[in-house]
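Here the structure comes first, spelled out in structure tokens, and everything after it is commentary.
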Amino acid sequence: MSMQGMLRRFGRGRKAGTMPSAGEALGKILIVGSPNVGKSALFNRLTGQYVTVSNYPGTTVEICRGRSSILQRHFEVVDTPGIYSLCPITDEERVACRLVLTERAAAVVHVVDAKNIRRMLGLTLQLIEANLPVVLALNMADEARQLRIAIDADRLSTILGIPVVETIAISGGGMAELAAAIESVAQTKREAAGGEPVDYGAALERAVNTVAPTLGDDHGISRRTRALLLLQEDPAEASRVLGRRSPEHTDAVLQALHDARALLEHSPHYYATLALRGRSDRILDAAVCFPPRGRHSFRETLSRLCMHPLTGLPLLAAVLYFGLYVFVGKFGAGTMVDFIQETVFGRYVTPYVEQAVNALLPWPVWRDLFVGDYGIVTLGIRYAVAIVLPIVATFFIAFSILEDSGYLPRLAMLIDRVFKKIGLNGRAVIPIVLGFGCDTMATMVTRTLETKREKVIASLLLALAIPCSAQLGVIMGLLAGRPWALAVWAAFVTGVFLLTGFLAARLLPGQRPSFYMELPPLRLPRVGNVLVKTYSRMVWYFKEVLPLFILASVLIWLGKLTGVFDLAVDALKPVVGAIGLPDGAAKAFLFGFFRRDYGAAGLYELQKTAAMSGRQLVVAAITLTLFLPCIAQLLILKKERGWKMALTTSIGICVVALAVGWSANALLTVLKVTL
């Protein structure tokens, strides 16, 4: 069937291209689907630059909304968080389900990875069964064709009873057809679910038929779907159904649920999963031709090697060495920092700014604000641009390459068993790895974890033992010529990370985390994707960092002016002296109160004067890595977990950092280790 014919069928005869009147509002277009299927790329194609980001009411989950640039102006397009089924597990999935089931969308665009359609079609069937206006977007269609996966979109559309469109969101392929399908479906009043209903088996069907008649017609969602959600003990659906009914009706629903569950030998989720999988397989057998299974391709073999402990750990070591140590530590923190600091600032920026400020401001006090030892230009902007910028930029390039290649989900599978020991699962690898770029951003990403217990543990570990890219790069620059010193630093920080996680997993109540993650294919990273992701993260990071560096310079200037800064430094001298460091390190630790990387940069300045031995460098690096979270991370921690956890975490981290620093100094002194 042609695209025009399909649209006529689903548009009740509306002519292709006919647009609604100017006053006709069409409501929302929801984009749903699993993570890593190109939802955001498709969202960007539909909305262009007219996008706003806000937290979903009552949650910390961010939702992207925008006016369509290729659809009618009346459409608001919403990019929902990743979702695997209508029975949610994580906070993000709960928000996505709430949007899908309550927003009365004009169209729901289910985006699937065409290569992995077998694993994703189950959600399509659930959306159709819920009586939603669904459009199925087979994204990454070009990659599916490269793998010799032939999808008959017209045949699939006929079976499912919904429009099916092949798209390539990255390049814009299929967007005109998708827009036409959305506009058609948005104007079609749906009276019944399309296609053949899913047969859940005699036991679950009897249970559904027991519960469904007791439910009203709320939100336009089918009673069948709502009965299934209630049987699977979905709390949001229970609240919607039971919270707005009379006591008599509530009792009737509860009694029906009790009677229905008595009919089941297994959990409703078990029956539903098997039925959806079986129905998906039968549909795909009729509409999709997969290549015959033979020997594994090179990409499949490499994928398996990345996840097997015997081969995955050496590959991880290689990624860390070349990605973090060589590219970020040596090139970013070494070559690029030296060039920008010595050449750009040393020869051009600082001299010209000092000359201009001295000419414009005759008062020494005000000159110090801009070009003094702790001036906005000579300290704040120089630290942010000359030291932090190249390190953060190289890290985000490396992270974007790993992300676009599909390596990170395989890393999650590799370390899932280890993470289980510290109360997390493989899914936590994303915020933990992202923490090496920016702990503030990573703390926000912990909201994707399944339970509150996991979120607390991950936030604690990020605040304590994960250095951000700027701090990490500076520390690698400090210890680059001392490989044994770098090894001792890594051993102490890793030990604290594992021990803290192990103790937190034993002390915090809650169940052990489960783990499920979609595996996108391994592929060569696309240069455009890497550049866009790096640029967006750099813009976000510098909007946060540069003002804080300037604020820190102003506060230090005020502190110097009032004498508070010197008093604070004097108060810290006994503390740093107790862990074997010279008095000059007190300034670096005071800088660390403003930002961790600010403090590390202070150590970098101190190291250039040869004021510390190898042992002292290691002790300082260990202590500062474990020291207080930066102001931005503290504020995000407060937002995500509350003031109580933010303050208790900060106090505990400060105590732990100094205790570990003292222990490291004592141990290295007793062993007389030369570093």
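The values are calculated or read from the model by the stated rules, or taken from the named source; none is laboratory data. Please read all numbers here as calculations on a predicted model, not as lab measurements. Cβ: placed from backbone, ideal geometry, glycine included. Neighbour counts: every protein chain shown. Side chains included, ligands, DNA and RNA excluded: accessible areas come from the protein's heavy atoms. Shrake-Rupley method; radii C 1.70, N 1.55, O 1.52, S 1.80 Å.
When the residues His74, His308 are ordered by accessible surface, computed with a 1.4 Å probe over the protein chains alone, the sequence from largest down reads His308, His74. Taking all protein chains as they are arranged and a probe of 1.4 Å, the heavy atoms of Ser650 leave approximately 20 Å² accessible to solvent.
When the alpha carbon gyration tensor of the range 294-343 is reduced to an equivalent ellipsoid, the three semi-axes, largest first, read 36, 11, 4 Å. Scaled against 2.2 N^0.38 Å for its residue count N, the alpha carbon radius of gyration of the range 78-118 is 1.20. Of the complete DSSP H runs in the chain, those spanning 27 angstrom or more by Cα along the long axis with a mean Kyte-Doolittle score not below 1.0 are 483-507, 527-562, 643-671. Residue ranking by accessible heavy-atom surface, 1.4 Å probe, largest first, among Glu237, Glu166 comes out as Glu166, Glu237. Sorting Lys533, Lys587, Lys330, Lys39 by accessible area puts them as Lys330, Lys587, Lys533, Lys39; the probe is 1.4 Å, largest comes first, and only protein heavy atoms count. Where a Cα-Cα gap under 18 Å defines reach, which lysines qualify for Lys608, not counting those fewer than 8 residues away within the same chain? Cross-link targets: Lys330, Lys587. Normalised by 2.2 N^0.38 Å, where N is the number of residues, the alpha-carbon radius of gyration of the range 359-487 equals 1.38. Fraction of C-alpha pairs exceeding 18 angstrom in the range 397-441: 28 percent, rounded to a whole number. Pairs exceeding a 22 Å alpha-carbon distance, out of Lys560/Lys639; Lys421/Lys639; Lys420/Lys455; Lys28/Lys533: Lys560/Lys639; Lys421/Lys639; Lys28/Lys533. The calculated FRET efficiency for the pair Met645 and Leu555, based on their C-beta separation and a Förster distance of 22 Å, comes to about 0.30.
Please compute the Kirkwood hydrodynamic radius over the range 528-675, one decimal place, Å, based on all pairs of different Cα atoms. The partial results should precede the final answer.
Details: mean 1/r = 0.0596 Å⁻¹.
Answer for the range 528-675: a Kirkwood hydrodynamic radius of 16.8 Å.
Measuring nothing but how far apart in sequence close Cα pairs (under 8 Å, 6+ apart) lie, relative to its length, the chain scores a relative contact order of 11 percent.
What is the ratio of the Cα radius of gyration of the range 606-647 to 2.2 N^0.38 Å, with N the residue count, to two decimals?
For the range 606-647, the normalised Cα radius of gyration is 1.68.
Across the range 448-580, Cα-Cα pairs farther apart than 17 Å form 79% of the total. Temperature 20 °C, viscosity 1.002 mPa s: under these conditions the Stokes-Einstein estimate for the chain, based on its Kirkwood radius over C-alpha pairs, is 77 µm² per second.
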